[in-house]
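Worksheet: one structure, shown below.
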Amino acid sequence: MQTDGDERVPEPVEGEQLRLDTIARLSTLAKTESLLVAQYERDQLSVTDAGASTLIAVDSRLAWLSGDVLLANQLLQKLKNGNTAAIDFALEEQIAQAALSGQWLRSASLLFKKAQAPEEQKNASVDSDRLFGYLIRVTTSALSAELKKPLVPDWRAWLEMQLAYRQGPEALRVWQSTAKNRPQTPAAPSHLLAWLDASPIDRIALILPLDGSLRAAGEAVATGAISQLYQSYPDPAIRPQLTVLNLAHYASPRAAYYAAVDSGADMVLGPLTKSDVASLQHIDALPIPVIALNQPEPQIHQAIAKASWTTFSLAPEDEASQIADEAFGDQCRNAIVMASPNDRGLRLLTAFEAQWAHHGGTIRGKLIVEQQAAANKAMGALLGSGSSDQRIQSIEQAFDIPVDARGRGRSDFECIFMLAPDPVTARSWRPLLVFHMTGEVPVYATSAINDGVINTRNRDLNGVVFLETPAMLPPSPAGRLGRLEALGRDALVMAQHWQQALTTENWIIK
């Protein structure tokens with residue numbers, strides 16, 4: 001044992017097996033009860049009862065859940081260095097933590113090291129898919145910089161393979177033709193062969209609303225798909241044929257789908273609305289694949305699963321989960337949440353709360369802004385500045401003198417989730433947050449706050465961290481329909497990776 005101040009830190013014992021049930025039990029306690037409860041239970045364990053390595057693993061997990069990322073990593077490193085039997089556990093923890101923090105190259109590098117162990121060969125296929133999924137998120141410039149370093153052959157091969165993949169199937173075939181380039185441990189993922197060997201998609205049909213209130217949305221998706229088609233296939237000799245079917249000209253989405261089938265289409269992209277997607281998904285047997293551009297209701301999606309069906313959409317629930325990931329990876333553990341009472345606001349809130357609880361985050365306060373006129377007072381009460389301001393006012397009234405002071409807000413949170421359903425609401429909430437002395441606190445939001453317009457009115461949102469489609473960002477934001485144009489482009493790209501997507505659940509495009 002080592003002594004660090006008053007705290008006794010155990011030393012790992014070589015060959016000692018981890019008690020995974022103990023680690024899981026205390027982790028669950030920390031997430032469902034509190035860190036204090038979990039820490040109390042951990043303090044009741046002795047080295048004799050649980051084993052030194054298990055205690056170090058528990059301490060690392062609790063440090064991570066408390067936001068002490070540096071200590072968590074130090075303990076995992078200590079565990080790896082002192083007990084070879086715990087290396088697999090420690091590496092997996094470091095991989096997960098790096099991925100959640102957006103350190104994709106680090107997570108990929110750690111997974112590559114983990115895959116080298118002889119006992120890990122039974123997981124070679126899974127590791128290969130995961131490794132590819134991490135590397136696809138790494139920027140091309142970061143991959144190129146990594147390749148300038150002295151690297152082991154297999155790791156170099158993985159990075160070169162990733163760069164070749166991004167250049168297209170022909171570049172990947174050239175890379176693959178050189179035997180020495182192929183990584184061995186782990187080998188290249190099987191879904192790459194599925195992509196290279198897939199039958200070409202020669203005819204694609206888009207089913208979109210091109211009349212009525214959704215005309216602009218449908219036209220934006222079509223514009224994006226057509227733009228991507230010409231970008232991906234500059235040679236007209238090999239360019240797939242793209243047909244756009246106006247849903248308004250057919251009795252139902254099913255009728256439009258069968259019209260696409262009869263026209264000789266190899267694949268359908270669309271429809272665009274939840275109800276139209278649900279109608280199409282109820283077809284018992286789909287003659288040709290469908291990439292739906294929205295998600296049906298959850299109960300429908302779970303009840304019906306088809307090999308020739310996938311969804312590709314701009315779901316607000318997905319974004320709410322992703323900002324929870326982002327903030328937790330940024331070391332926030334205690335949050336304040338604001339949401340609207342409308343359908344979109346509550347959907348965002350529900351998805352966020354589920355993901356935040358999954359990670360082990362704590363919601364210190366929650367505000368559903370029922371009336372915008374009362375938002376200022378409600379925020380003051382939530383953030384703790386309201387009562388402090390009232391005390392200052394009482395002193396001023398009692399002594400009839402001005403007090404040169406501002407109230408102090410609460411300090412038990414590290415971030416704020418502003419789940420505003422639209423830009424107008426976000427622009428009204430953000431200044432109030434600053435007024436209530438939270439200007440230095442990180443604020444997270446979804447793409448709903450961004451209208452895609454370069455305008456001085458959006459300056460109130462400066463500093464807010466939000467998710468967004470790259471097409472909606474400077475230097476050339478695409479306006480309010482930019483996300484739908486990007487959806488059309490990405491759906492067209494996804495069509496070319498269809499067979500590949502069927503063989504993996506990991507990322508294959510970025």
Would you tally the residues in region 173-198 being of a type in the set (Ser, Thr, Tyr) and either at pLDDT 90 or above or assigned by TED's automatic domain parsing to the domain that holds GLU119 (or both)? 2
Note on region 50-97: residues assigned to a helix (DSSP H, G or I), among the small types (Gly, Ala, Ser) and within 23 Å of THR362 (Cβ to Cβ) are ALA57, SER60, ALA63, SER66, ALA72, ALA96
What are the pairs with Cβ atoms under 6 angstrom where one residue, in region 123-137, is modelled with pLDDT of 95 or more and the other, located anywhere, is among the aromatic types (Phe, Trp, Tyr)? Sequence gap at least six, or different chains. GLY133/TRP507; TYR134/TRP104; ILE136/TRP507; ARG137/TRP104
Counting only residues that are assigned to a helix (DSSP H, G or I) and free of Cβ contacts under 8 Å to residues at least 12 places away in the same chain, which one in region 439-464 is nearest to ASP412 (Cα to Cα)? ARG459
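Here is a check on your reading of the model: is TRP158 more than 23 Å from the chain's Cα centre (by Cα), among the aromatic types (Phe, Trp, Tyr) and surrounded by 15 or more Cβ atoms within 10 Å (Cβ to Cβ)? It would help to see each step written out before you state the result.
Numbers: more than 23 Å from the chain's Cα centre (by Cα): yes; among the aromatic types (Phe, Trp, Tyr): yes; surrounded by 15 or more Cβ atoms within 10 Å (Cβ to Cβ): yes.
Yes: the conditions hold for TRP158.
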For region 442-462, what are the residues that are out of contact with any Leu (no Cβ under 8 Å at 6 or more places or on another chain) and either closer than 15 Å to GLU326 by Cβ or assigned by TED's automatic domain parsing to the domain that holds GLY102 (or both)? PRO442, TYR444
Scan region 291-337 for residues that are closer than 21 Å to LEU487 by Cβ, assigned to a helix (DSSP H, G or I), at pLDDT 90 or above and touching a strand residue (DSSP E or B) at 6+ places or on another chain (Cβ under 8 Å) and jot them down. ALA320, ILE323
Against the definition (touching a Gly at 6+ places or on another chain (Cβ under 8 Å) and on the phi < 0 side of the Ramachandran plot), how does LEU76 come out, yes or no? no
Regarding region 269-289, can at least one residue be identified that is buried (at least 20 other Cβ atoms within 10 Å of the Cβ), at pLDDT 95 or above and in a strand (DSSP E or B)? yes
Restricting the search to region 104-128, which residues are out of contact with any helix residue (DSSP H, G or I) (no Cβ under 7 Å at 6 or more places or on another chain) and either under 13 Å from TRP155 (Cβ atoms) or buried (at least 19 other Cβ atoms within 10 Å of the Cβ) (or both)? SER109, GLN116, SER128
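A quick yes/no check of all residues on (1) assigned to a helix (DSSP H, G or I); (2) in contact (Cβ under 8 Å) with a residue 40 or more places away in the chain:
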site	(1), (2)
LEU346	yes, no
THR350	yes, no
LYS366	no, no
ALA375	yes, yes
LEU382	yes, yes
Anything in region 448-488 that is surrounded by fewer than 20 Cβ atoms within 10 Å (Cβ to Cβ) and among the polar types (S, T, N, Q)? List them, or say none. ASN455, THR456, ASN458, ASN462, SER476
Return the residue satisfying two criteria in turn: it lies in region 45-70 and is surrounded by fewer than 20 Cβ atoms within 10 Å (Cβ to Cβ) and modelled with pLDDT of 95 or more, and of such residues it is farthest from ILE95 (Cα to Cα). SER66
I'm trying to understand the selection: among the residues of region 33-49, which are closer than 25 Å to GLY361 by Cβ and assigned to a helix (DSSP H, G or I)? LEU35, LEU36, VAL37, ALA38, GLN39, TYR40, GLU41, ARG42, ASP43
Going by what's in this entry, would TYR257 be described as buried (at least 17 other Cβ atoms within 10 Å of the Cβ), in a helix (DSSP H, G or I) and either of a type in the set (Phe, Trp, Tyr) or in contact with a Cys (Cβ under 8 Å, 6 or more places away or on another chain) (or both)? yes
Residue selected from region 238-254 under the condition in a loop (DSSP other than H, G, I, E, B), free of Cβ contacts under 8 Å to residues at least 24 places away in the same chain and of a type outside the set (A, V, I, L, M, F, W, C), by the criterion nearest to GLN496 (Cα to Cα): ARG239
For region 39-69, name all the residues that are among the aromatic types (Phe, Trp, Tyr) and without any contact (Cβ under 8 Å) to a residue 12 or more places away in the chain. TYR40
Residue count, region 402-438 (criterion: at pLDDT below 90 and outside any helix (DSSP H, G or I)): 10
How many of the residues in region 489-500 are crowded, with 21+ Cβ neighbours inside 10 Å and within 14 Å of ILE201 (Cα to Cα)? 5
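The values are calculated or read from the model by the stated rules, or taken from the named source; none is laboratory data. Since this is a predicted model, take the numbers as computed values, not measurements. Ideal geometry is used to build each Cβ from the backbone, glycine not excepted, and the neighbour counts take in all protein chains shown.
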